[in-house]
Amino acid sequence: MVSSAPKIVISGYYGFRNSGDEAVLKSILTALKEEGEQTGLTVEPIVLSSDPAWTTKMYGVRAVHRMRLKEVRAAIRESSGVISGGGSLLQDATSPKSIPYYLAILKLAQWADKPTFVYAQGIGPVQRKWFYPLIKSVFNRCTYISVRDEQSGGLLVAMGIQRSSVHVVPDPVMGLPLPAHAESGSNGVSPAGMPVIGISVRYWDKERRELQAIADGLRKLSAKRPVHLRFLPFHLPDDVQASQYVLEQLGDVDSNGSSMSMEREITDPQQMLLEVSKCDLIIGMRLHSLIYAASREVPLLGISYDPKINHFLSRIESEPVGSSDTLNGDKLAAAAAELLDNREAWQGRRAAAIQALRQEARLPARQIIEYLSRKG
């Protein structure tokens, strides 16, 4: 029996084992399912993935290879629409190929007369201005556009897209739930009775200055008080190697009564969210380590290597503790100690803003489900 449920193609940076992007996908899938249940509409996702078998196994949804044009076109033709996002898809900082690829997926859908939805994307940086008219042309034909911060919206307006067409919403991951039957929160206690500091690092600066400063700050903090340093790699295997670099720079912290560990193999975003929720403080370079922490009201210190870090922190009335080229170990240690001593005050000042972001994170899914319901 052929399913009568509308199919929706989801395009993004999926299947690469990047915990942040996988969290985006899981959040979108969850939001579409739950919003659909409220309106009585079931949608059947088709994810464009670099590893379709892994994506199907992880999320229980159909997936096709993102680089096999014949499969992608077939999925689009049988769908009721295409979602692009979330994440930082339209940017040329990491590669000039990203923008043409993601625009091409949207364009294929538009040529096939399918509605297209931009889902809570972070737009930019776009350093090559000749991309502007291409983005404008494709986005002006989209049925719905949402971005995850005001700066992304402003960039789209600068490209010539009407402000009224652009909806600013939180990152989808703000709405990601914990795994079923999981309990979060460590209440400040590790198995050894120490505060748990979750650490998410990545390679960025070629001279490793920020990683050296992180190690310096953690060494100074652990010299003053016993802490458990819990390294949480978000992108495997690169972040494992970056974490190992910091561990080697730290040296022996056991003599001060502190301890260290690393979680090397988590690829399930909800399991990583659970790990973050059990920390008393998160020190993060990866954007989604900070979003995970905020969503569970875990105090956090963000280290900026990209404007998207600053943009997110501003939404929870915070600012980076330093950047990839200016981070100071003494400042990091002092800021971490202050948050460990004043955890409840940090939470109290931001609880209302965080709750609002959690609720608003579902808005794009609601808009898409309502559109499909009307068209159905």
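The values are calculated or read from the model by the stated rules, or taken from the named source; none is laboratory data. All figures in this text were calculated on a predicted structure; none of them were measured in a lab. Cβ: placed from backbone, ideal geometry, glycine included. Neighbour counts: every protein chain shown. The area values use the complete protein model at the heavy-atom level, side chains included, leaving out ligands, DNA and RNA. Shrake-Rupley method; radii C 1.70, N 1.55, O 1.52, S 1.80 Å.
Within segment 223-234, is there a residue that is in contact (Cβ under 8 Å) with a residue 60 or more places away in the chain, open to solvent by 40 Å² or more (accessible area, probe 1.4 Å) and outside any loop (DSSP other than H, G, I, E, B)?
Yes, segment 223-234 contains a residue that is in contact (Cβ under 8 Å) with a residue 60 or more places away in the chain, open to solvent by 40 Å² or more (accessible area, probe 1.4 Å) and outside any loop (DSSP other than H, G, I, E, B).
Among the listed residues I28, I8, which satisfies the condition of being of a type in the set (A, V, I, L, M, F, W, C), part of a helix (DSSP H, G or I), surrounded by 21 or more Cβ atoms within 10 Å (Cβ to Cβ) and in contact with a strand residue (DSSP E or B) (Cβ under 9 Å, 6 or more places away or on another chain)?
I28
Any idea which of S259, S200 is hydroxyl-bearing (S, T, Y), touching a residue at least 60 places away in the same chain (Cβ under 8 Å) and under 17 Å from R17 (Cα atoms)?
None of the others qualify; the one that does is S200.
Filter segment 127-157 down to the residues that are assigned to a loop (DSSP other than H, G, I, E, B) and farther than 16 Å from P172 by Cα, then identify the one that is least open to solvent (accessible area, probe 1.4 Å).
C142
Do any helices (runs of 4 or more DSSP H) lying entirely in segment 255-332 carry at least 3 residues that are aliphatic (A, V, I, L, M) and within 30 Å of L29 (Cβ to Cβ), and which ones are they?
Ranges flagged: 269-277, 287-295.
For segment 235-246, how many residues meet the condition of being open to solvent by 40 Å² or more (accessible area, probe 1.4 Å) and touching a residue at least 60 places away in the same chain (Cβ under 8 Å)? Please lay out each step first, then the result.
Going residue by residue through segment 235-246, those that are open to solvent by 40 Å² or more (accessible area, probe 1.4 Å) are 237-238, 241, 244-245.
Now restrict to residues that are touching a residue at least 60 places away in the same chain (Cβ under 8 Å): none.
Qualifying residue count, segment 235-246: 0.
Could you tell me which numbered condition L300 fails, if it satisfies all but one of (1) closer than 21 Å to S88 by Cα; (2) buried (at least 23 other Cβ atoms within 10 Å of the Cβ)?
(1)
This table checks each residue for (1) of a type in the set (A, V, I, L, M, F, W, C); (2) farther than 22 Å from V201 by Cβ; (3) loosely packed, with under 14 Cβ neighbours inside 10 Å.
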{"position": "I309", "(1), (2), (3)": "yes, no, no"}
{"position": "L339", "(1), (2), (3)": "yes, no, no"}
{"position": "Q355", "(1), (2), (3)": "no, yes, yes"}
{"position": "R362", "(1), (2), (3)": "no, yes, no"}
{"position": "R374", "(1), (2), (3)": "no, yes, yes"}
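Quick check on Q271: is it open to solvent by 30 Å² or more (accessible area, probe 1.4 Å), within 17 Å of I214 (Cβ to Cβ) and polar (S, T, N, Q)?
Taking the combined requirement at face value, the residue does not satisfy it.
Here is a yes/no grid of residues against (1) open to solvent by 60 Å² or more (accessible area, probe 1.4 Å); (2) in contact with a strand residue (DSSP E or B) (Cβ under 6 Å, 6 or more places away or on another chain); (3) polar (S, T, N, Q):
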position	(1), (2), (3)
S49	no, yes, yes
M67	yes, no, no
T94	yes, no, yes
F117	no, yes, no
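Can Q110 be described as at pLDDT 95 or above, surrounded by 22 or more Cβ atoms within 10 Å (Cβ to Cβ) and not hydrophobic (A, V, I, L, M, F, W, C)?
no
Kindly indicate whether E370 is at pLDDT 95 or above and part of a loop (DSSP other than H, G, I, E, B).
Values: at pLDDT 95 or above: yes; part of a loop (DSSP other than H, G, I, E, B): no.
Spelling it out, it is not the case that E370 is at pLDDT 95 or above and part of a loop (DSSP other than H, G, I, E, B).
Between a first residue in segment 344-370 that is in contact (Cβ under 8 Å) with a residue 24 or more places away in the chain and under 19 Å from P115 (Cβ atoms) and a second residue that is open to solvent by less than 30 Å² (accessible area, probe 1.4 Å) and of a type in the set (F, W, Y), which pairs have beta carbons less than 6 Å apart while being 6 or more apart in sequence or on different chains?
Here the result reads P364/Y119; Q367/Y144; I368/F117, each pair linking segment 344-370 to a residue that is open to solvent by less than 30 Å² (accessible area, probe 1.4 Å) and of a type in the set (F, W, Y).
State whether the residues of segment 77-84 include one that is under 20 Å from the mean Cα position of the chain (by Cα) and assigned to a helix (DSSP H, G or I).
No, every residue in segment 77-84 fails to be under 20 Å from the mean Cα position of the chain (by Cα) and assigned to a helix (DSSP H, G or I).
Return the residue satisfying two criteria in turn: it lies in segment 51-65 and is of a type outside the set (A, V, I, L, M, F, W, C) and more than 20 Å from M174 (Cβ to Cβ), and of such residues it is surrounded by the most Cβ atoms within 10 Å (Cβ to Cβ).
Here the answer is T55.
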